[in-house]
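This report concerns only the one structure given below.
The values are calculated or read from the model by the stated rules, or taken from the named source; none is laboratory data. Keep in mind that this is a model prediction, so the values were computed, not measured. All Cβ positions, even for glycine, are placed from backbone atoms using ideal geometry, and neighbour counts span all protein chains on display.
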Amino acid sequence: MLEIQNLNVYYAKAHVLRGVNLRVESGEFVSVIGPNGAGKTTLFRAISRLKDYSGDMFFDGSRLPQEPAQIVRLGLIQCPEGRHLFPYLSVLDNLTLGAFRHDQRDGSVKQELEKVYTMFPILRQRAYQMARTLSGGEQQMVTIGRALMSKPKLLLLDEPTIGLAPIVRKLIVDALKQISDSGVAILLSEQNVPFALEHAQRVYLLETGSLVKTGTAEEFRRDEYVRKSYLGAA
Ligand code: ATP
């Protein structure tokens, strides 16, 4: 579904992504792990064309367009790190803004909204509150909900659990599993490695701009280097 070949990204003279090759199959759940500053956000911003790059990217067999809005229309939707909600709009308005790919007259916006409320019931109660008044976990639910309203084929999630309490993190993990089971492909970026491995079928390890390892989640759990460096094994 997504194929990235020889991706290179610079910030001025700093070479922050170096020859990255990555793919996500249709319906697959793939995680990218790596420490702070490895380049995960840059990778996601490049995929959504919010950052210039050299290299080739294909989605559903065609070269990715150059305009972020055209990329969204193809169903390649990003949940950005830091959420980027409209703080002074209500939860309902934030969610509805995600629905611009729908025909606004055929009732499908309402249907998608119901799906989001079923996944995150607290958002129904918060529908008319300003987004800025929500807890961090609730804001993360709105961010994921807004992305779902765009009917993603592939959902990019950039560190969705950062700063969240364990109980909320569990809720988000369960939601991602549901989304994945419904057939949406997921590309997740995470520093929290146990979380990243929980439902992923395949994993990439990114360190200082290069992909240094790839394999199944099970291979990563058994890998000596991953265990020592990222899973706290002695
Ligand atoms: P984090 O978990 O902190 O978000 P990350 O893996 O997502 O880390 P990036 O944010 O992609 O990493 O950063 C990769 C590298 O690029 C880092 O060295 C960072 O300092 C640098 N960088 C990121 N954004 C910019 C920018 N706008 N200008 C210059 N350098 C940047």
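Key figures for this structure:
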{"item": "Unique residue being of a type in the set (D, E, K, R) and within 16 Å of the ligand (Cβ to nearest atom) when the list is 158, 174", "result": "158"}
{"item": "Residues satisfying the stated conditions in the stretch 11-43, i.e. near the ligand (Cβ under 9 Å from one of its atoms) and surrounded by fewer than 23 Cβ atoms within 10 Å (Cβ to Cβ)", "result": "11, 12, 14, 16, 35, 36, 37, 41, 42"}
{"item": "Candidates 163, 136 - the one that is under 27 Å from residue 39 (Cβ atoms) and in the same structural domain as residue 98 (by TED's automatic domain parsing)", "result": "136"}
{"item": "Some residue of the stretch 92-110 being of a type in the set (Phe, Trp, Tyr), surrounded by fewer than 20 Cβ atoms within 10 Å (Cβ to Cβ) and either in contact with a Ser or Thr (Cβ under 6 Å, 6 or more places away or on another chain) or over 21 Å from residue 209 (Cα atoms) (or both)", "result": "yes"}
{"item": "In the stretch 68-122, the residues that are small (Gly, Ala, Ser), away from the ligand (no atom under 16 Å from the Cβ), part of a loop (DSSP other than H, G, I, E, B) and closer than 18 Å to residue 141 by Cβ", "result": "98, 99"}
{"item": "Elements of type strands (runs of 3 or more DSSP E) contained in the stretch 1-61, each with 3 or more residues being without any contact (Cβ under 8 Å) to a residue 24 or more places away in the chain", "result": "none"}
{"item": "Residue pairs meeting the criteria (Cβ under 7 Å; at least 6 apart or on separate chains; first touching a residue at least 12 places away in the same chain (Cβ under 8 Å) and at positive phi, in the stretch 146-171; second among the small types (Gly, Ala, Ser) and surrounded by 20 or more Cβ atoms within 10 Å (Cβ to Cβ))", "result": "159/189"}
{"item": "Strands (runs of 3 or more DSSP E) (entirely within the stretch 183-234) containing at least 1 residues that are basic (Lys, Arg)", "result": "202-207, 210-216"}
{"item": "In the stretch 123-175, the residues that are among the β-branched types (Val, Ile, Thr) and in a helix (DSSP H, G or I)", "result": "133, 142, 143, 144, 167, 168, 172, 173"}
